[in-house]
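Below: one structure, written as structure tokens.
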Amino acid sequence: MIDLQGKVAVVTGGSSGIGLATVRLLLESGADVALCGRDRQRLDEVAAELVQAFPSRRILARTCDVLQPGQVAHFAQTVQSELGDATILINNAGQGRVSTFADTDDASWENELKLKFFSVIHPTRAFLPQLEQSEYAAIVCVNSLLAAQPEPHMVATSAARAGVMNLVRSMATEFSSKGIRVNGILLGLVDSGQWRRRYEQREDASQTWEDWSGSLAKRKNIQLGRLGRPEEAARAIVFLATPLSSYTTGSHIDVSGGVSRHA
Ligand code: NDP
């Protein structure tokens, strides 16, 4: 495990699922961590648990909607004044949209494209001056395998994800002269808030999570036969966020359990 003592990491959408697992792993590695989300109650609950579990770390949990540039700028200022300059930025906040081409109207397209692009653009812009101060800086964008392997039932999410994968490569090139690495991960299906919410709405209430997610894995042709765990995504994120991957930029790690059909 790498020692991140004295480093400040920022995780958007750090109050649940993959973001929260990443926050925990960064804290375990010694970093001070700032996290944001929109739901204050959930943030407060998570922050209380984290402070208890990691009493020697500095933890900053703030409400911030990554689609609101003013809120993101304020969050960045708060991080800088309370923790110091961020050296790691994890652009994780977001969710997917289930809809086909036939049932996606213009407003839904605009919302989805806005969410996927600006959840990366706003935090990156706001934290860039801080990241530039470090020789150690890295940005990781949490993306989906849909970027490379679109699914017709998630048409807008797939197209937006492909755009973000392209954006990661452009930012990696542009920021290389500032010493900032930019990479992404391509997720398959990971057990988190999104899937737990779909499980709660299952047709057959007698199905356990194991049965429900096992048959989902079979239907989706996941080679490892199960959904991923948030910690498994977090390990790939932390690898890309630290000098463990010091010679890697503009690239993506597949964390899909072998569901990818692309090399
Ligand atoms: P969760 O629903 O468990 O967590 C999402 C987090 O993002 C929450 O903390 C949520 O907090 C926050 N969030 C959502 N929208 C915003 C916003 N506008 N501003 C700030 N925070 C926001 O989902 P996951 O952990 O599964 O998802 C993490 C990322 O991984 C997402 O981008 C998702 O699309 C992506 N992903 C997940 C996959 C999976 O199978 N789980 C597959 C492919 C991609 P709050 O609601 O309080 O704002």
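Among the residues of region 21-40, is there at least one that is more than 26 Å from P243 (Cβ to Cβ), touching a residue at least 24 places away in the same chain (Cβ under 8 Å) and crowded, with 16+ Cβ neighbours inside 10 Å? Yes, region 21-40 has at least one match.
Among the residues of region 231-258, those identified as of a type outside the set (G, A, S), open to solvent by 20 Å² or more (accessible area, probe 1.4 Å) and within 14 Å of the ligand (Cβ to nearest atom) are E231, E232, H252, I253, D254, V255.
When restricted to residues that are under 17 Å from V10 (Cβ atoms) and either touching a Lys or Arg at 6+ places or on another chain (Cβ under 9 Å) or at pLDDT below 95 (or both), region 220-240 contains 2. The residue that is nearest to P230 (Cα to Cα), among those in region 180-201 that are more than 9 Å from the ligand (Cβ to nearest atom) and loosely packed, with under 14 Cβ neighbours inside 10 Å, is R198.
Every condition in (1) of a type in the set (A, V, I, L, M); (2) within 20 Å of A147 (Cβ to Cβ); (3) open to solvent by 50 Å² or more (accessible area, probe 1.4 Å); (4) in a loop (DSSP other than H, G, I, E, B) is met by V66 except one, and the failing one is (3). In region 148-162, the condition of being within 11 Å of H252 (Cα to Cα), part of a helix (DSSP H, G or I) and either within 12 Å of the ligand (Cβ to nearest atom) or in contact with a strand residue (DSSP E or B) (Cβ under 8 Å, 6 or more places away or on another chain) (or both) is met by no residue. Just one of the listed residues (Q149, Q130, Q207) is more than 22 Å from I237 (Cβ to Cβ) and more than 13 Å from the chain's Cα centre (by Cα), and it is Q207.
Applying a threshold of 9 Å to beta carbon distances and a minimum spacing of six or more residues, or different chains, the list of pairs starting in region 6-19 at a residue that is within 15 Å of T124 (Cβ to Cβ) and at pLDDT 95 or above and ending at one that is more than 6 Å from the ligand (Cβ to nearest atom) and aromatic (F, W, Y) reads V10/F75; V10/F127; T12/F75. Considering only residues that are away from the ligand (no atom under 16 Å from the Cβ) and surrounded by fewer than 15 Cβ atoms within 10 Å (Cβ to Cβ), which ones fall in region 78-98? Selection gives S81, E82. Of all the listed residues (F101, F75), the sole one being farther than 20 Å from N183 by Cα, assigned by TED's automatic domain parsing to the domain that holds S176 and crowded, with 24+ Cβ neighbours inside 10 Å is F75.
Scanning region 9-20 for residues being under 15 Å from L240 (Cα atoms) and in contact with an Asp or Glu (Cβ under 8 Å, 6 or more places away or on another chain) gives a total of 1. The residues listed here are A48, A34, A9, A61; of these, the one that is small (G, A, S) and assigned to a helix (DSSP H, G or I) is A48.
The values are calculated or read from the model by the stated rules, or taken from the named source; none is laboratory data. Note that this is a predicted model, so its numbers are computed, not measured. Ideal geometry is used to build each Cβ from the backbone, glycine not excepted, and the neighbour counts take in all protein chains shown. Remember, those area values only see protein heavy atoms, side chains included, never the ligands or the DNA or RNA. Shrake-Rupley method; radii C 1.70, N 1.55, O 1.52, S 1.80 Å.
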